[in-house]
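Report on the following structure.
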Amino acid sequence: MRQWFLSALVLAPLVANTASPFESRFVPSWTLTCNVDGTPFRLHFQSKSGDPSNDDQLVSLSLGDGPYKSIALKGATYIRSTVATDAVNYCKGVGAFDWAWGLLLLLLPMDNRPNDMSLSVALIDRHTGELRANIGEIGSFSNYLKVLKTTSGYRVLLDRGDYLDPNSEGEFPGVDWMLITNRSGHVEHAWETKRP
């Protein structure tokens, strides 16, 4: 009995301080520090109401020791996610990848309860932190984000919804690669595979 009591005392603080993955997403404010070519930049996510379940976090960015500048993105509950990639990612928890003309491609996971996570995409100037393009929400994913480099941009593995198997005529959930490409100065995104 005494041994069980001592074990309970040792383990109690560990249990008390362990938040579930769901709970750890719901914080009103958090900051992510990244590094681009030796220059630190910080992404700050702040709930406008102080209640992150209202999906109203605003995003701001600070370069070096400079002040935070607001980035005009959709209000949401932004979250960290593992990003598996073969490219250089300047952040940990979100995607920040090289793009043409001195820009950075931001891939920002968002909570989309009760469904899978959603992905918001934007281009920012790596020298000034200014928003250059807000591509918006391009799809959803589960577990973690997979990103591969291509000659003209990136491939991101996203949920595509059910597809009809021509052999069994059954419907099955499927994923597919979304291409994010640079076409003559314009950012385009489209599914890699054409479906009938």
Please list, ordered by chain and number, the residues whose modelled amide H lies under 5 Å from the amide H of residue 36; skip anything fewer than 5 residues away on the same chain. 41
5 angstrom amide H check on residue 94, placed H, neighbours 5+ away: 81
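Taking the convex hull of the Cα atoms, report for region 78-191 its projected area averaged over all directions, in nm².
On the way: hull surface 32.4 nm².
That works out to 8.1 nm², a quarter of the Cα hull's surface.
What does the charge count near residue 74 come to, summing +1 for each Lys or Arg and -1 for each Asp or Glu among other residues with Cβ under 13 Å from its Cβ?
Once all neighbours under 13 Å are counted, the net charge is -3.
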Could you work out how far the C-alpha centroid of region 50-68 sits from that of region 78-124, in angstrom? 15
How many nm separate the modelled label positions at residue 49 and residue 190, each set 7 Å beyond the Cα in the direction of the Cβ? 4.0
All other residues with a Cβ under 10 Å from the Cβ of residue 191 taken together, and with Lys, Arg as +1 and Asp, Glu as -1, what is their net charge? +1
Total charge of the residues flanking residue 86 in space, meaning their Cβ is under 15 Å from its Cβ, with Lys and Arg +1 and Asp and Glu -1, is +2
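Readers should treat all values here as calculations from the given coordinates under stated rules, not as data from a laboratory. Being a predicted model, the structure only gives us computed values, none of them experimental. Glycine also receives a Cβ, built like all others from the backbone with ideal geometry; neighbour counts cover every protein chain displayed.
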